[in-house]
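Each remark here refers to the structure printed beneath this line.
The values are calculated or read from the model by the stated rules, or taken from the named source; none is laboratory data. These numbers come from a predicted model, not from an experiment. When we count neighbours, we look across all protein chains shown, and the Cβ atoms used for this are built from the backbone with ideal geometry, even at glycine. With ligands, DNA and RNA removed, areas are computed over all heavy atoms of the protein, side chains included. Shrake-Rupley method; radii C 1.70, N 1.55, O 1.52, S 1.80 Å.
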Amino acid sequence: MGSSTDTPTGYVAQTEWPTLQAMADGFSEHLMPASSKLEGKSIEHTYINGWRIRHDFQAESLTWAIVSGGEDAGKSGTEPYKAYEVRAGIFLIDFYKESYKELVSLLYDESTGQVKVCLSGFKDNDKAERRTYTVFLDATHVHSSNDQKPLSAFPETTELIGKQVLYRYTPRDAYHHLYLNSGTLTWHCVAGTEKDIADTEQARYWKLSDSLYILFWTETVMPVESIVVIDLKEMRSTGRFLCWDPKPQAVVHVRFGSQATLLAEVDVEAELRKPLRKS
């Protein structure tokens with residue numbers, strides 16, 4: 001007979017979790033091809049913090065410039081980037097600002113001019129542990145020539161709540177997500193390098209278009225910040241994560257894609273409105 005200290009089958013202690021680099025190997029297998037549709041174009045926006053920023057797109061690099069606002073006004077830089085057209089005219093643009101040690105992801109709707117900036121970086125806590133953070137900025141105005149147009153932000157949404165989705169990143173790796181409420185999700189690796197590892201994390205959701213969502217989550221155990229576009233019409237996801245992997249002491253930046261399957265959908269609030277069954 002086993003003792004009470006036996007580890008149950010299906011449970012993986014945190015000390016046995018693989019490195020994030022090992023976990024993410026091959027995750028680009030289902031990543032959609034990068035788009036060249038922004039090449040030669042420029043976009044300029046004022047954001048909610050008052051900064052006015054221009055992005056000029058070349059074939060494989062973009063140049064960012066802080067036109068005005070803040071202590072960094074006048075600064076600029078050129079970085080390699082990838083742009084993924086997640087839906088017609090809607091792009092996930094991803095680039096790493098080496099001088100700032102920050103990963104920038106732009107969600108950009110070309111037809112409306114709307115932009116959400118997701119900026120992830122690193123900071124050390126009071127235990128000298130390196131952790132991650134993400135800051136969000138919404139564009140309030142888009143500029144063209146001498147004209148400017150006010151913009152609304154992509155709205156936060158509750159449409160993912162109650163959904164259970166399976167994401168298959170490779171033939172080997174599959175993850176099950178359950179979106180619990182407007183600020184929490186649970187993930188569970190059902191196959192692959194992290195098999196049987198699971199956790200519950202802080203999350204946020206925004207709606208880009210019909211059945212097209214931005215998902216953000218930040219992990220509790222590992223220093224990971226994820227930005228994912230979920231397309232429940234085409235049944236796929238496209239995203240990136242930035243993390244500090246404490247085992248090799250290294251930055252890990254991975255762009256990934258998956259094939260998605262909607263497993264279930266439960267309206268908990270509707271169920272709670274129903275009377276209890278008689279005992």
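One table, with the values for the structure above:
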{"item": "Point-to-point label distance, Val268-Asp199, nm (Cα→Cβ direction, 7 Å offset)", "result": "2.0 nm"}
{"item": "Computed accessible area, Tyr47, all protein chains, 1.4 angstrom probe, square angstrom", "result": "10 Å²"}
{"item": "Structure-derived Rg and Dmax of the Cα atoms in Å - corresponding label in (i) 19.2, 61; (ii) 20.4, 79; (iii) 28.5, 97", "result": "(ii)"}
{"item": "Inter-label distance, nm, simple model (7 Å from Cα along the C-beta direction), Glu71/Val135", "result": "1.1 nm"}
{"item": "Positive-end residue of Tyr81, Val142, Tyr47, charge dipole of the stretch 41-150 with Cβ unit charges", "result": "Tyr47"}
{"item": "Solvent exposure ordering (accessible area, 1.4 Å, most first) of Glu219, Glu98, Glu71", "result": "Glu71, Glu98, Glu219"}
{"item": "Relative contact order [Cα under 8 Å, 6+ residues apart], the stretch 41-150, whole percent", "result": "20 percent"}
{"item": "Exposure of Asp199 as accessible area (Å², to 10), given a probe of 1.4 Å and all protein chains", "result": "40 Å²"}
{"item": "Positive-end extreme of charge dipole, the chain - chosen from Gly10, Leu212, Leu106 (charges on Cβ)", "result": "Leu212"}
{"item": "Surface accessible to a 1.4 Å probe, Tyr108 within the full protein complex, Å²", "result": "20 Å²"}
{"item": "Net charge, Phe136 excluded, C-beta distance under 9 Å - Lys, Arg +1, Asp, Glu -1", "result": "+1"}
{"item": "Relative pair counts by distance (%), Cα atoms of the stretch 41-150, 5 Å bins", "result": "2, 11, 20, 26, 20, 11, 6, 3, 1, 0"}
{"item": "Dipole magnitude (debye, nearest 20) for the stretch 57-176, charges at Cβ of Lys, Arg, Asp, Glu", "result": "380 debye"}
{"item": "Relative contact order for the stretch 126-258, counting Cα pairs under 8 Å that sit 6 or more residues apart, in percent", "result": "17 percent"}
{"item": "Accessible-area ranking of Asp196, Asp245, Asp210, largest first, probe 1.4 Å", "result": "Asp210, Asp196, Asp245"}
{"item": "Helix-only mean residue ellipticity at 222 nm for the chain, each DSSP H run of n ≥ 4 adding -39500 (n - 2.57), per residue, nearest 500", "result": "-1000 deg cm²/dmol"}
{"item": "Most to least accessible of Trp244, Trp206 (protein chains only, probe 1.4 Å)", "result": "Trp244, Trp206"}
{"item": "Computed magnitude of the charge dipole of the chain (debye, nearest 20; Cβ of K, R +1, Cβ of D, E -1)", "result": "400 debye"}
{"item": "Anisotropy class of the stretch 129-197 from Cα gyration tensor, a/c 1.5 cut", "result": "prolate"}
{"item": "Relative contact order %, the chain, counting alpha carbon pairs below 8 Å whose residues are six or more apart", "result": "15 percent"}
